[in-house]
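Notes follow the structure.
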Amino acid sequence: MKKVGLYFGTFNPIHIGHLAIANHMVEFSDLDEVWFVITPQSPFKTKQSLLDNHHRYQMVFEAVQDYPKLKPSKIEFDLPQPNYTINTLLHLEEQYGEEYGFSLIMGEDNLKSFHKWRNYEAILEHYAIYVYPRISKGKMESQFDDHSKVVKVDAPIMEISSTFIRREHKKGKNVKPLLPASVWKYMDEMNFYR
């Protein structure tokens with residue numbers, strides 16, 4: 001059974017920080033693959049600046065071409081909105097349960113608010129969570145400190161954000177080095193985030 005880490009996000013756009021984290025997870029943990037699960041709508045974010053689903057999928061597709069262990073996933077595009085992680089996990093289990101074992105990948109900042117997620121106890125009971133370091137404020141819930149399902153991975157700290165890229169690109173700043181070349185090309189040709 002392949003161990004797959006699910007890396008959820010809007011990836012609006014995907015950037016080199018996302019790629020570095022995903023690649024680190026697949027190379028330096030026991031995960032066999034990482035799937036970028038592109039979320040059409042998060043219960044915690046508004047949709048105003050989101051590119052269409054197919055454009056964000058295409059950018060992830062372009063970004064992972066040279067990384068056979070990294071895959072784009074549009075599994076959530078066809079699920080009811082808003083998407084909740086527990087529903088996506090159950091859907092994936094139904095579809096792929098015999099071939100793959102699924103885990104979540106999240107930043108330390110998200111783990112700090114994980115207790116606010118819908119059905120977080122059920123997620124924690126059935127799935128491992130691979131956590132990468134992030135610089136963030138707030139305290140970690142003590143229940144996650146030494147939890148057997150929480151796997152802390154000593155990945156590089158990436159302080160690049162899609163929000164920063166969109167904002168600075170709109171101002172005319174050169175953000176090209178923060179993006180995989182194929183993503184920059186697509187974004188530039190489509191005139192996104194101007």
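Taken together, the values in this text are just the output of simple stated rules run on the coordinates, not laboratory data. Predicted, not measured: the structure shown is a model, and the values here were computed from it. No Cβ is skipped: glycine too gets one built from the backbone with ideal geometry, and neighbour counts run over all protein chains shown.
A few remarks follow.
- Selection count where residues are in contact with a strand residue (DSSP E or B) (Cβ under 7 Å, 6 or more places away or on another chain) and either loosely packed, with under 12 Cβ neighbours inside 10 Å or assigned to a loop (DSSP other than H, G, I, E, B) (or both), scope the range 139-179: 3
- Residue check, residue 187 touching a Leu at 6+ places or on another chain (Cβ under 9 Å) and aliphatic (A, V, I, L, M): yes
- Residue satisfying condition, being among the polar types (S, T, N, Q), crowded, with 18+ Cβ neighbours inside 10 Å, closer than 28 Å to residue 167 by Cα and in contact with a strand residue (DSSP E or B) (Cβ under 7 Å, 6 or more places away or on another chain), within set 29, 73: 73
- Residue within the range 92-102 that is charged (D, E, K, R), surrounded by 16 or more Cβ atoms within 10 Å (Cβ to Cβ) and over 19 Å from residue 129 (Cβ atoms) present: no
- Counted residues, the range 5-16 - those being out of contact with any Leu (no Cβ under 7 Å at 6 or more places or on another chain) and within 19 Å of residue 129 (Cα to Cα): 3
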